[in-house]
Amino acid sequence: MFKLIWKDIVIQKRMVLIALAFFIFFVFSFHSLGPGGLTAGVLALSYIITFGASAIEDKYGVEILLNSFPIKRSMIVLSRYVAMFFYTVINLLASFLVYYIVKTLELHVEVVPFTVEGVMGSIIAVALLSSINFPIIFKYGYVKSRFVSIAFYFLFFFGGGNLVSYLKDHQWLEKWIVAGMSSNEIYLLLMVPTMVLMIISIFISLIIYKKREFS
């Protein structure tokens, strides 16, 4: 599985450089969004790298080649989901490192705050976007489904980031939704249906991809 993830990185070196440039941009530009800035930035970076690989493979017929090798289709499907979270973790660690350095050295520069709300929001947003997009991509390929994929991405990019910031700034809303629960507890509560949806999505993707024919 690691080799499949590494393959995604190798075939899109240019996209990785673009993602790196975007990371520098979002770390120093999204600070005004509060915790939502971290969610929006991590989601964008994970999307760029993960679905960038899908676009290249679909365009050049890499999947046809992969399916000619003794690789289980289930492994190909699972590697996509794992890769999405692998990139998410890398983005979160890089964001934390920048935030830690700035705060420790007391540099006079604003960066995206690294908070529990931002981290949990990132994980939930990435999981939801993956759960919706991957079954569609495994069914039709990225090129045919790219407009739907991009539409969902922008929905989560703007909606997810704004929602995280809104929940952080309006404590009364948290009490109105779930009396007595903190924002961290609410995010943990949201993780349960999110993970259930993710598992369902994986099974759907497995069924779809195993039946898909390549020519």
* Long-range neighbours under 8 Å by Cβ, at least six apart or interchain, first residue in contact (Cβ under 8 Å) with a residue 40 or more places away in the chain within region 24-37, second among the basic types (Lys, Arg) and assigned to a helix (DSSP H, G or I) -> Gly34/Lys168; Pro35/Lys168; Gly36/Lys168
* **region 91-109 - residue that is among the polar types (S, T, N, Q) and surrounded by 10 or more Cβ atoms within 10 Å (Cβ to Cβ) and, of those, nearest to the chain's Cα centre (by Cα)** => Asn91
* Structure fact -> Reported set for region 114-141 where residues are over 16 Å from the mean Cα position of the chain (by Cα) and within 15 Å of Ala53 (Cα to Cα) is Phe138, Gly141
* Structure fact -> Among Val143, Val126, the single one that is surrounded by fewer than 18 Cβ atoms within 10 Å (Cβ to Cβ) and touching a residue at least 60 places away in the same chain (Cβ under 8 Å) is Val143
* To do: Please name all residue pairs, on different chains or six or more residues apart, with Cβ atoms under 6 Å, provided the first residue is in region 100-122 and is closer than 17 Å to Phe30 by Cβ and of a type in the set (Phe, Trp, Tyr) and the second residue is open to solvent by less than 30 Å² (accessible area, probe 1.4 Å) and at pLDDT 90 or above.
  => Phe114/Ser95
* Search region 54-90 for residues being among the polar types (S, T, N, Q) and under 23 Å from Leu17 (Cβ atoms), and hand back the single one that is surrounded by the fewest Cβ atoms within 10 Å (Cβ to Cβ). => Ser79
* To do: Assess whether Ile49 counts as being part of a helix (DSSP H, G or I) and under 17 Å from Asn133 (Cα atoms).
  => yes
* To do: Among the residues of region 13-25, write down those that are touching a Gly at 6+ places or on another chain (Cβ under 8 Å) and modelled with pLDDT of 85 or more.
  => Phe23
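Matching residues to (1) surrounded by fewer than 23 Cβ atoms within 10 Å (Cβ to Cβ); (2) of a type outside the set (A, V, I, L, M); (3) touching a helix residue (DSSP H, G or I) at 6+ places or on another chain (Cβ under 8 Å):
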position: Ile5; (1), (2), (3): yes, no, yes
position: Gln12; (1), (2), (3): yes, yes, yes
position: Ala19; (1), (2), (3): yes, no, yes
position: Ile24; (1), (2), (3): yes, no, no
position: Gly37; (1), (2), (3): no, yes, yes
position: Val42; (1), (2), (3): no, no, yes
position: Tyr47; (1), (2), (3): no, yes, yes
position: Gly52; (1), (2), (3): yes, yes, yes
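The values are calculated or read from the model by the stated rules, or taken from the named source; none is laboratory data. These numbers were taken from a predicted model, which means no experiment stands behind them. Note that we place each Cβ from the backbone using ideal geometry, even for glycine, and neighbour counts take in every protein chain shown. All accessible areas refer to the heavy atoms of the entire protein, side chains included, with ligands and DNA or RNA removed. Shrake-Rupley method; radii C 1.70, N 1.55, O 1.52, S 1.80 Å.
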